[in-house]
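Chemist: Supplied in structure tokens, the structure appears directly below.
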Amino acid sequence: MELPSLTDFFARWRAKPPVPFSVLFKKFKSILERNNAILGLIGDMGDKLGGDYIFDRQYILDSCEKLGDQVFKLVSDLSLLCQRKNVGLFTAFERISHQIREELAGRRVLTRTDHILPLCDLTHDLADEGGNKMANVGDIRNILGFTVPDGFVVTAGAYFEAMERAGLRARAGALCDRFERGDSANWAGLAEAAAQLQKDILAMPLPKGLAKSVKLAAKRLAAEGGQFLAVRSSAWGEDGESSFAGMYESVLGVAAENILTAYRTVLASLFCEQALRYRLHRGLSKEEPAMAVGVMRMVDARVSGGLYTYVPLLEHDQPMVVSAAWGLGKPIVEGTAETDTFLLGREPPHELLSSEIGLKTTRLARDAAGGTRTEDVPADLAASPCLDKDQLVLLAKTAMSLERFFKRPLDVEWAFTSEGELIVLQARPLSIKPKICTPGPDVAEATKDVPVLISGKGVPAMGGVSAGPVHIVVEGADLADFPYGAILVTHHSSPRFARIMPKCRGIITEMGSATGHMATIARELRVPTLVGVSDATRILREGQEITLDADHIVIYEGVVEALCRYELGKEDVFEESWEYRTLKRVLRHISPLTLLDPDADSFSPEKCKTFHDIARYVHQRAVDKLINLSEEHREIKESAPHRLVTKLPLGLTVIDVEGGLRRGAPGEIREEDVLCRPLRALLEGVNASGMWETCAVAVDMGSFMSSVTRTMTASQSHPTTLGRNLAVISEEYLNLHLRLGYHFTVVDAYLGESVNDNAVLFRFMGGVTDFTRRSRRAGLIAAILERYDFVVKITGDMVTGRAKKHPEADMLDKMYMLGGLIGYTRQLDARLGSDDDGRRHFEEFVQRINALREARQ
């Protein structure tokens, strides 16, 4: 006889007794409650950016403290549930908390450590690294797909490193402090200090690594295009809530070998007296300034200019205006060039309302030796229009697409090449507003006779007005081809829509929660969103033009221009406040959701970038763990169960962990003793008249023997039930393993008070026929599940369906349907001799169960 080793003895002696399943289940419920509290806090903070609420600095501090406390406790709860330390999650929590503390202290957190940021990687998510101006250009290129000059950005992080190494960062901060204090008696001294700082920046040595990287990137960019470069400012705040228009330097016609001199020139312009005074006037002096620098290929422009998407002339005559001249555009924006002026209608076909053709005697052109030069315009061009009708229409369409994306009137700089290609150089918000700024009689009159498609249905997850064509997205559809400018209409809300939100003008879902993951992202990106709009996919048609008024929960047919104009005219002065800017930066570390696919390798603690990511990860792992515990926990294996006597021969054993059975229920129980809501609904569906198949079916011996050898393997029989059909239940939870003959069914459901927690998993496999018939039945079951709003995956003859975030009544209805499905498909594979049989049974099941559901309701 072999005796256990001393090591084994002490290992068993030290082992902790297992935590009771009931305790772990309570911890799971605590995770759900805490997750909802976190989403509520994130949603409340996001709502404040909408402009409808007043908040102060203390609100931001209190909200961040509450949120951090809840997220820490959420991670702790998962550690207790999983009986592991979750070091990776706690590390992510500390990293994100540190970033939030830095933002609250006025020190922006940069997520990229590399100093060269290719334009192809730049969007508004990296505005702190690339500056507002270049982030806008990145959005125009990478999200909207318009042509911009190729280039890269030398990041704000590079500016900080250069200033720190040169010993100038502290001096710059002290200078900004002096301007903030408003030492009006010594403006001359302040101006002199600013000028000296600029001189020192122009002369400062750059870190060797930075200088090498900038020169190499510039050399490659110039070589690829054989062109000179434009070196442009992209400071924090520039072309954002504050324009800084014309205050910072841009250097044109730069040869690659002169890139470092041009780079220093742009950096030094950050501290010109005009910009420092402007910062003081705009209330920005409390925040440390920073300069990212865009380096782009020079466009050899035949004609250039600017475009305002709004010109506030008369209330009902607010066109866009185009200014254009031959050559490069710098004299136009500086106001030193004679230009052509065109007024265009904002609505298609963008009619030319008026034009004034100037006498354009000179133009700015590229110099072959580098830089730019002023030259005479040929006589035949001087008095000729710069733009033809087609170019004006293309400009108008492009500008309106930009306005819809940035959700405000814009000043757009552009150029046409000699080949006729339109290049967008930049876009900045306009300070002017449409004259309609309140939804008064004009808006009411404009909407009075407009057909209303849907009214009063749904809940606003993000307010606002948007207009565009409907694009209906079905479950599992490829989002890569989502058309820019469309309004997303779908059945379920899903965080996977985050990737297309910058492209869509609005979102309408039939199911979902205003505090769910998708709603949080919609608020962050300020996309007008309605959730819970029943029958939206039936009422709205693909490609149909609609206007979504999420503020008043109305969907109009067609484009209601007055409403859209009112939306653009809303006051946004609050965006200039310290509180708004700080909250917006803090939410960058809180709201975005980057963990989207639980099956991806990137779904890990190390990849959590925000508190929202941590909450998403914990919620998913908690659900996975509960399913595992329901199947593997020793208490479940060894407990004294109840035998459920049912109307049909299910042979079901029940283990109650919390309130799932009537108090004092005996060892043998009946269906009326069951208080578990998911199980009661499922049993009701199983028992429903006509759903349980009782007729004997013929099976050929080859299929039978194949099925026996396949289904009796250890990997496909449930190892923990020891032959039992087992249900682990509470009042709101069900984990069911059901074997009926050679068919195996798993149902895991949680139906609580919060719609965010509600989830059902259904898995079906097995059978007594050949693989073709089993696969045919798998396809039938998948089609039925999809018909009732499950997300479905088929692997061989195994079908897995998931539904979540529906109201409790809808989820109970789905459990009723699943009960009917279990009974109906029990021996169905033997009857599926052809694909036509599958279609016939699909229609028969849907007809039967729908009639029963209607009678039940």
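The values are calculated or read from the model by the stated rules, or taken from the named source; none is laboratory data. It should be emphasised that the depicted structure is a prediction, and the values quoted were computed from it without experimental measurement. Counting neighbours? That spans all protein chains shown, and the Cβs are built from the backbone with ideal geometry, glycine included. All accessible areas refer to the heavy atoms of the entire protein, side chains included, with ligands and DNA or RNA removed. Shrake-Rupley method; radii C 1.70, N 1.55, O 1.52, S 1.80 Å.
Chemist: Using each residue's phi in region 94-99, evaluate 6.51 cos²θ - 1.76 cosθ + 1.60 at θ = phi - 60° and report the 3J(HN,Hα) Karplus result to the nearest Hz, with x for Gly and Pro.
Modeler: 5, 5, 5, 4, 4, 4
Chemist: Order the peptides 160-166, 350-356, 295-301 from the highest to the lowest mean number of other Cβ atoms within 10 Å of their residues.
Modeler: 295-301, 160-166, 350-356
Chemist: Can you work out ³J(HN,Hα) from phi for every residue in region 74-79, in order, using Karplus 6.51 cos²θ - 1.76 cosθ + 1.60 and θ = phi - 60°, giving whole Hz and x for Gly and Pro?
Modeler: 4, 5, 4, 4, 5, 4
Chemist: OK, next. Per-residue counts of other Cβ atoms within 10 Å, averaged by peptide: what ranking do you get for 324-336, 486-498, highest first?
Modeler: 486-498, 324-336
Chemist: OK, next. Stretch Glu808-Val23 to full length: gain in nm at 0.36 nm per residue minus the Cα-Cα span?
Modeler: Gain in length upon complete extension: 280.1 nm.
Chemist: Continuing with this model, one more query. One-quarter of the Cα convex hull surface for region 336-424, in nm²?
Modeler: 7.2
Chemist: Right, here's the next one. Mind grabbing the accessible area of Ser689 for me, 1.4 Å probe, Å², rounded to tens?
Modeler: Approximately 90 Å² for this residue.
Chemist: Loop only per DSSP, at most 13 neighbouring Cβ atoms within 10 Å: give me the GluC sites (Glu not before Pro) in region 373-434, ordered by residue number.
Modeler: Within region 373-434, the qualifying GluC sites (Glu not before Pro) (loop, at most 13 other Cβ atoms within 10 Å) are Glu419, Glu421.
Chemist: Moving on. Grab the beta carbon distance between Lys397 and Glu786, set R0 = 35 Å, and tell me the FRET efficiency rounded to 0.05.
Modeler: 0.35
Chemist: Beyond 22 Å between alpha-carbons counts as too far, so tell me which of Lys397/Lys584; Lys85/Lys804; Lys397/Lys503; Lys389/Lys503 fall in that bin.
Modeler: Beyond 22 Å: Lys397/Lys584; Lys85/Lys804; Lys389/Lys503.
Chemist: Points 7 angstrom from Cα along the Cβ direction at Leu80 and Arg853: gap in nanometres?
Modeler: Distance between the two pseudo-spin positions: 3.9 nm.
Chemist: Compare His642, His124 by solvent-accessible area with a 1.4 Å probe and give them largest first, with all protein chains kept in place.
Modeler: The most accessible residue leads, giving His124, His642.
Chemist: While we're here: Taking 7 Å along the Cα-to-C-beta vector as the label spot, tell me the Arg95-Asp367 distance in nanometres, rounded to one decimal.
Modeler: 4.9
Chemist: Please work out how much accessible surface Thr339 shows to a 1.4 Å probe, ignoring ligands, DNA and RNA, in Å² rounded to 10.
Modeler: Counting only protein heavy atoms, the figure is 30 Å².
Chemist: Spin-label point model (7 Å from Cα, Cβ direction): what's the Asp69 to Ala211 distance in nm?
Modeler: Label at Asp69, label at Ala211, 5.3 nm between them.
Chemist: If R₀ is 35 angstrom, what is the calculated FRET efficiency for the pair Asp836 and Lys647, using the beta carbon separation as r and rounding to 0.05?
Modeler: The calculated FRET efficiency here is 0.60.
Chemist: Whole-Hz Karplus ³J(HN,Hα) for region 262-267, in order, using 6.51 cos²θ - 1.76 cosθ + 1.60 and θ = phi - 60°, x for Gly and Pro?
Modeler: Per-residue couplings from phi come out as 5, 4, 5, 4, 5, 4 Hz.
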